[in-house]
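Following: one structure in structure tokens, then a few remarks.
The values are calculated or read from the model by the stated rules, or taken from the named source; none is laboratory data. What you see is a predicted model, and the numbers here were worked out from it, not measured in a lab. Don't worry about glycine lacking a Cβ; one is built from the backbone with ideal geometry, like all the others, and counts go over all protein chains shown. Calculation scope for accessible area: heavy atoms of the full protein, side chains included, ligands and nucleic acids excluded. Shrake-Rupley method; radii C 1.70, N 1.55, O 1.52, S 1.80 Å.
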Amino acid sequence: MRIAIAADHNGVALKDRLIEALRAGGHEVDDRGAASHEELVDYPPLCEDVCRRVVDGRADAGVVVGGSGQGEVIACNKIVGIRAGLCPDVWHAEISRGNNDANVLVLGAKVIPPDTAELVLRTWLATPFKGDVHARRVAMIEALERGESLH
């Protein structure tokens with residue numbers, strides 16, 4: 001799988017660890033930055049970069065790491081075609097992929113231990129979308145993105 005990954009200064013160490021785990025798992029990784037925890041970085045451009053790569057097919061999935069992940073998940077979900085899930089644990093990873101067909105995983109480096117983050121990432125990547133009733137709901141989300149009303 002081709003995975004685009006980025007982190008702001010708060011998430012560089014975790015991003016680097018996740019890159020190692022992804023490569024060890026046989027994935028092709030596109031590291032989109034940041035390069036150093038000493039370099040203060042605004043996360044919205046990183047989120048946009050990763051998400052646009054997912055939307056246009058240069059990446060099969062995206063991973064974004066921030067301090068809490070809150071701002072990152074908001075920024076990612078502003079990009080049409082992105083369904084980003086903030087996943088602090090395995091349960092959220094399973095729901096994010098299985099029910100919501102999320103294509104970007106967001107992690108908060110300040111709130112998730114590195115071992116747990118690796119487990120969440122592995123779970124997220126391995127969890128298939130369930131379809132069925134969930135596909136209908138994802139279609140509704142896509143309608144909202146197009147500016148359509150659900151009423």
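Among the residues making up segment 58-94, those that are surrounded by fewer than 20 Cβ atoms within 10 Å (Cβ to Cβ) and touching a residue at least 60 places away in the same chain (Cβ under 8 Å) are Val80, Gly81.
Look through segment 101-151, keep the residues that are free of Cβ contacts under 8 Å to residues at least 24 places away in the same chain and under 20 Å from Glu28 (Cβ atoms), and return whichever of them is surrounded by the most Cβ atoms within 10 Å (Cβ to Cβ). Among residues in segment 101-151 that are free of Cβ contacts under 8 Å to residues at least 24 places away in the same chain and under 20 Å from Glu28 (Cβ atoms), the one surrounded by the most Cβ atoms within 10 Å (Cβ to Cβ) is Ala102. Within segment 1-43, track down each residue that is aliphatic (A, V, I, L, M) and out of contact with any Leu (no Cβ under 8 Å at 6 or more places or on another chain). Selection gives Ala4, Val12, Ala13, Ile19, Ala24, Ala35, Leu40, Val41. Selection of helices (runs of 4 or more DSSP H) fully inside segment 46-148 by the criterion of at least 1 residues being among the hydroxyl-bearing types (Ser, Thr, Tyr) and closer than 24 Å to Ala13 by Cβ returns 90-98, 114-126. Checked across segment 66-73, the condition of being under 24 Å from Arg137 (Cα atoms), touching a helix residue (DSSP H, G or I) at 6+ places or on another chain (Cβ under 6 Å) and among the acidic types (Asp, Glu) holds for at least one residue.
Considering Asp115, Asp101, Asp89, Asp49, the condition of being modelled with pLDDT of 95 or more, more than 15 Å from Ile5 (Cα to Cα), in contact with a Gly (Cβ under 9 Å, 6 or more places away or on another chain) and of a type in the set (Asp, Glu) is satisfied by Asp101 alone.
Could you look through segment 15-57, keep only residues that are among the small types (Gly, Ala, Ser) and open to solvent by less than 80 Å² (accessible area, probe 1.4 Å), and pick out the one that is farthest from the chain's Cα centre (by Cα)? That would be Ser36.
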